[in-house]
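The values are calculated or read from the model by the stated rules, or taken from the named source; none is laboratory data. Small disclaimer: the values here were computed from a predicted structure and weren't measured. Reconstructed Cβ throughout: ideal geometry from the backbone, glycine too, with neighbour counts over all protein chains shown. Side chains are part of the model used for accessible areas, which takes the heavy atoms of the whole protein and leaves out ligands, DNA and RNA. Shrake-Rupley method; radii C 1.70, N 1.55, O 1.52, S 1.80 Å.
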Amino acid sequence: MLFSAVQRWKPGASVSTHLLVAALLWSFIGIYLLVRGIMLYGAGSFWLPVVALAVGALKAQWLLARSARKNIKRILAMKENSCLGAVYSLKMWGLVLLMMLAGRALRSAGVPEQWVALAYLAVGFALFLASRLFWQQWRPGAPPAGNRAGKS
């Protein structure tokens, strides 16, 4: 009885919707962190933000791209109408929580705003760049995505 109630009320979504939600989340959070980083940084050396963006690009290429590909592969293997919360694995949701707590800890620890801004720039740029992998897999109205999981 409980199982049928959960099944009836779960927010089910297609594989395509899961890919779209993942792409939107990575893109919007990346843009949000980039904007926050720019606003926090203020006046200062031009080169430090450039270095932060370069670090973000490296992080996107070497860390987040791997996570995105694993997540895409997992989403493509899902059944249609899977719970929308399954857009990320439990491990990924834990990482999201950890990143949010790390951002809060940085701001609370008295770290100068310019350094927090550089961290936001690096992480935001990495998320935004890596979101392209989800966008490449998402196709509105496309047939089930079972064989689109190529490496990008």
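For the chain, build the charge dipole from Cβ charges (+1 Lys, Arg; -1 Asp, Glu) around the Cα centre, then report which of Val116, Gly94, Tyr32 sits farthest towards its positive end.
The Cα lying farthest towards the positive end belongs to Gly94.
Given H placed 1.01 Å from N in the peptide plane, which residues other than close sequence neighbours of Gly12 have an amide H under 5 Å from its amide H?
Leu84
Hey, can you find the accessible area per residue of the chain for me, probe 1.4 Å, expressed in square angstrom?
On the way: 9580 Å² over 152 residues.
Ligands and nucleic acids excluded, the result is 63 Å² per residue.
Would you check segment 47-105 for Lys pairs whose C-alpha atoms are within less than 18 Å, ignoring same-chain pairs closer than 8 in sequence, and give me the count?
Numbers: Lys59/Lys70; Lys70/Lys79; Lys70/Lys91; Lys73/Lys91.
Close lysine pairs under the 18 Å cut-off: 4.
With everything on Cα atoms, drop me the angle between helix 65-76 and the longest principal axis of the chain, reported from 0 to 90° to the nearest 10.
So the helix axis and the longest Cα principal axis differ by about 20 degrees.
Where does helix 90-108 land angle-wise versus the long Cα axis of the chain, in degrees 0 to 90, nearest 10?
Once rounded, one gets 20 degrees.
Here are several values of log10 I(q)/I(0) by the Debye sum over Cα atoms at q = 0.12, 0.17, 0.20 Å⁻¹: (i) -0.58, -0.96, -1.18; (ii) -0.87, -1.09, -1.21; (iii) -0.45, -0.96, -1.41. Which one was derived from the coordinates shown?
(i)
Gaussian network model of the chain, Cα springs within a sub-10 Å range: biggest mean-square fluctuation belongs to which of Leu58, Leu101, Leu20?
In this elastic network of the chain, the residue with the biggest mean-square fluctuation among Leu58, Leu101, Leu20 is Leu101.
So what is the relative contact order of segment 28-152, in percent, for Cα pairs below 8 Å that sit 6 or more residues apart?
Numbers: 107 pairs, mean separation 70.5, N = 125.
Here the relative contact order equals 56 percent.
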